[in-house]
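Undergrad: There's a structure below that I have some questions on.
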Amino acid sequence: MMSSHPSKPALHFGQVVIGPPGSGKTTYCRGMLEFLSQLGRKVVVVNLDPANETLPYPCAVDISELITLDDVMDSLKLGPNGGLIYSMEYLEANLDWLENKLKHQHDCYFLFDCPGQVELYTHHNSVKNIFAKLSKWNFRLTSVHLVDSHYCADAAKFISVLCTSLSTMLQVELPHVNVLSKMDLIEQYGRLAFNLDFYTEVLDLSYLVEHLALDPFFKKFHRLNVKLAEVIQDYSLVSFVPLNVQDKESMMQVLRTVDKANGYCFGDLEERNMQAMMSAAVGADFQFSTTLGVQEKYVEATGKTVEDEVMDL
């Protein structure tokens, strides 16, 4: 006797890769595609960036079939920012095109390569509405927000990154993982004032504010910086996972965090690691040793004693 209950639609797991221009989104998608393929996952990459003309990965769905940034700029006489906003609004108005493209992909893990414009994720609603529609189509997605790791070397820029990351987390309304990309270049523009875990775990920002006040230019903005730090710490949401796309251990750490966020690690699509599942179940994944290993690999040692560093502070 056949059951009268209709079968549940299949779940689709994946990542929406977002972040500022040049933060490494397309490189991340290419690296994650190769990494997941080696793990045996069937992966589909969806390009939602109308400005992305040269794709370094095989693309199953490409927004350029619907709209391109150059066409928008030429026909509507818009600049790059206005053109990207219009393109996302156009995609939102034509989601049936995206749905038709996606329904042909079965039993796949999805990577959505998104545009590199901060406004789209901090206060504009089109991308948020597109993500919400994907959720209604039974996609279980994690937002992977990439930012350049070298911003850690500049206290003012790091506070700005924290504000942007927090605003993005509140706006897109998806499980969220913040990633410090290009870890191999973290000290390209200057030395870190604190250990790496200070930045990845976003520890007591009062130290960072005081460090910023040593700069005469920022000293007059001290009260503003204090209030910004208080807002970030009051929400207590922002933390970062360090990433070097060329490092397999680094990629695995990001993937574990993403799989916990969207629930993939609790499924039955592949063999699960019991320790990782228990860690996700209790909400504890002690990453200090991992962060310490990343610091030893990419951050130059100072050679100073603890007493010397305290005197510097």
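The values are calculated or read from the model by the stated rules, or taken from the named source; none is laboratory data. Not measured: the values here are computed from a predicted model. For neighbour counting, all protein chains shown are included, and Cβ atoms are generated from backbone atoms with ideal geometry for every residue, glycine included. All accessible areas refer to the heavy atoms of the entire protein, side chains included, with ligands and DNA or RNA removed. Shrake-Rupley method; radii C 1.70, N 1.55, O 1.52, S 1.80 Å.
Undergrad: Using a 1.4 Å probe on the protein heavy atoms, what percent of the accessible area of the range 140-252 belongs to carbon and sulfur?
TA: Details: 2860 of 5450 Å².
It is 53 percent, rounded to a whole number.
Undergrad: Take every Cα-Cα pair in the range 51-122 and report what % of them are more than 20 Å apart. Write out the running numbers ahead of the final one.
TA: Working: 880 of 2556 pairs.
Above the 20 Å cut-off, the range 51-122 has 34 percent of its Cα pairs.
Undergrad: Continuing with this model, one more query. Could you check the spin-label model distance between Leu39 and Phe221? Points 7 Å from the Cα along Cα→Cβ, value in nm.
TA: Once both label points are built, they end up 3.9 nm from each other.
Undergrad: Let me cross-check Asp234: its accessible surface, 1.4 Å probe, with only protein heavy atoms counted, in Å² to the nearest 10?
TA: 130
Undergrad: Multiplying the sequence separation of Asn195 and Gln246 by 0.36 nm and subtracting their Cα-Cα distance, what value in nm do you get? Provide the component values of the computation, followed by the final result.
TA: Details: separation 51, 0.36 × 51 = 18.36 nm, distance 2.25 nm.
Working it through step by step, the gained length comes to 16.1 nm.
Undergrad: Between the range 119-134 and the range 216-241, how far is it from one alpha carbon centroid to the other, in angstrom?
TA: 26
Undergrad: Moving on to the next point. For the full complex of protein chains and a 1.4 angstrom probe, list Met183, Met252 by accessible area with the highest value first.
TA: Working: Met183 0, Met252 55 Å².
From most exposed to least exposed: Met252, Met183.
Undergrad: Then there's this: Name the trypsin sites (Lys or Arg not before Pro) in the range 219-250 that are in a loop by DSSP and that have at most 13 other C-beta atoms within 10 Å, would you? All intermediate terms of the calculation are to be shown ahead of the outcome.
TA: On the way: sites: Lys219, Lys220, Arg223, Lys227, Lys248; in loops: Lys220.
Qualifying residues, ordered by number: Lys220.
Undergrad: Do any trypsin sites (Lys or Arg not before Pro) in the range 1-100 lie in a loop, going by DSSP, with at most 14 other beta-carbon atoms within 10 Å of their beta carbon, and if so which? Working shown, then result.
TA: Working: sites: Lys25, Arg30, Arg41, Lys42, Lys77; in loops: Arg41, Lys42, Lys77.
Filter output for the range 1-100: Lys42, Lys77.
Undergrad: Can you pull the percent of the range 1-122's accessible area that's carbon plus sulfur, 1.4 Å probe, other chains left in place? Write down the numbers at each step before the final one.
TA: Details: 3200 of 6110 Å².
Summing carbon and sulfur atoms, their accessible area is 52 percent of the total for the range 1-122.
Undergrad: Still on this structure, I have one more. Which loop-located trypsin sites (Lys or Arg not before Pro) does the range 127-209 contain, where loop means any DSSP state but H, G, I, E or B and the Cβ has at most 13 other Cβ atoms within 10 Å?
TA: Details: sites: Lys128, Lys133, Lys136, Arg140, Lys157, Lys182, Arg191; in loops: Lys182, Arg191.
Listed in order of number, the matching sites are Arg191.
Undergrad: So what is the accessible area of the range 59-174 per residue, in Å², with the probe set to 1.4 Å? If you can, show how the numbers build up before the last one.
TA: Values: 4750 Å² over 116 residues.
I get 41 Å² per residue for this part.
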